[in-house]
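See structure below.
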Amino acid sequence: MKHRLSPAQYIVLAAIAVTSALGDTFLSRGMSQVGKVDAQHLSLLFTAMLNLNVITGVLLLIVFFGSYMAALSWVDLTFLMPATAFGNVIIALLSRYWLHEHLSLSRWSGILLITCAVGLVANGPSRTEHSPDSDPFAGPRDLTEVDPGIGI
Amino acid sequence: MIHTATQLLAWTSIAVVAILAIAGEVLIARAMHTVGDLDAIMARSGLRGASAAVISSPVFLLGILCMALNFFAMLYTLSRVDLSLAMPGVASFTYVGNAIAARIFLKENVDRRRWIAVSCVCVGVFLLTK
């Protein structure tokens, strides 16, 4: 059976890519405003928790982790990996069109390759079918169901 | 000699970060497969029931421990290794390692299509950091 995802599940996958990219960006921006944290200035970590960018970043990463766990409950890890990598593409595109940074040819090539990887995996089955006997997640089988006894 | 030792330390710390990330992701994936469809659990017993189902899994907690150690190992690595080397190095090792670990420990069907995708992601991440 070829597992196909519902539109709602594709939205969760998109949320994973977007929230991981935006969460990291907000955290990085917030920490650059807070300054360098070292052993002598550990109290800066508490100051960081009051920074609006850090708070937004943490909230986005909480949404990312929740979506990631939900997705792992219905797709394979190897199906999900390119979706998380697509966050790098979103960061690159944001830097080009939002921050008006220059994207080199190698970066455009990277974007193209990761997009191809996502398309390639998305066209295949999202989850491996395990037979009951080989299911690595199945618990110990109830012997009364499978062993009718010797000589019957 | 010093240069060789520095290189060895850099690659060892990159490998440790990647191994912890792989262990964490595989353990969390295994826990979530065991728990079952979270959407269905939430529909049945709400957010509290779904959270309880996830948090009561020892495999999930072990995975979270690995991810926490991965975070601190990454901080150490970034204090010793340039970001331009650490980021693509860790990402590439993690993507390839995850594919191998998913095949061995999660019995996932990592077919040719997924291997090509993993290779594209590794090269793509490397090119993005250039």
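Remarks
- Kyte-Doolittle mean at least -1.0 and Cα axial length at least 20 Å: DSSP H helices in chain B: B:2-35, B:58-80, B:83-105, B:112-128
- Each residue, A:Ile11 and B:Lys130, gets one label point 7 Å from its Cα in the Cβ direction; the gap between the two is 3.9 nm.
- Backbone N under 15 Å from the B:Ala15 label point (7 Å along Cα→Cβ), restricted to segment B:92-130: B:93-94, B:97
- Sum of -39500 (n - 2.57) over DSSP H runs of 4+, divided by residues of chain B (222 nm, nearest 500): -31000 deg cm²/dmol
- Length added when fully stretched, A:His41-A:Glu101, from 0.36 nm per residue minus Cα-Cα: 18.3 nm
- With only the Cα atoms considered, the protein assembly as shown has a convex hull volume of 190 Å³ per residue.
- Charging the Cβ of each Asp and Glu at -1 and of each Lys and Arg at +1, and nothing else, the dipole of segment B:2-129 about its Cα centre rounds to 200 debye.
- Relative contact order (%) - criterion: Cα under 8 Å, at least six apart; region: segment B:2-129: 34
- Summing Lys and Arg as +1 and Asp and Glu as -1 over all other residues whose Cβ lies under 15 Å from the Cβ of A:Ser95 gives a net charge of +2.
- Distance from segment B:24-63 to segment A:74-127 (C-alpha centre basis), Å: 27
- Where a label projected 7 Å from the Cα of B:Lys107 along Cα→Cβ would reach, residues of segment A:71-89 with amide N under 19 Å: A:73-79
- Dimensions in Å of segment B:2-129 - Rg and Dmax from alpha carbons: 17.2, 60
Where a number appears in this text, it was derived from the coordinates with a stated rule and is not lab data. On a predicted model such as this, the values are computed, not experimentally measured, just so you know. Ideal geometry is used to build each Cβ from the backbone, glycine not excepted, and the neighbour counts take in all protein chains shown.
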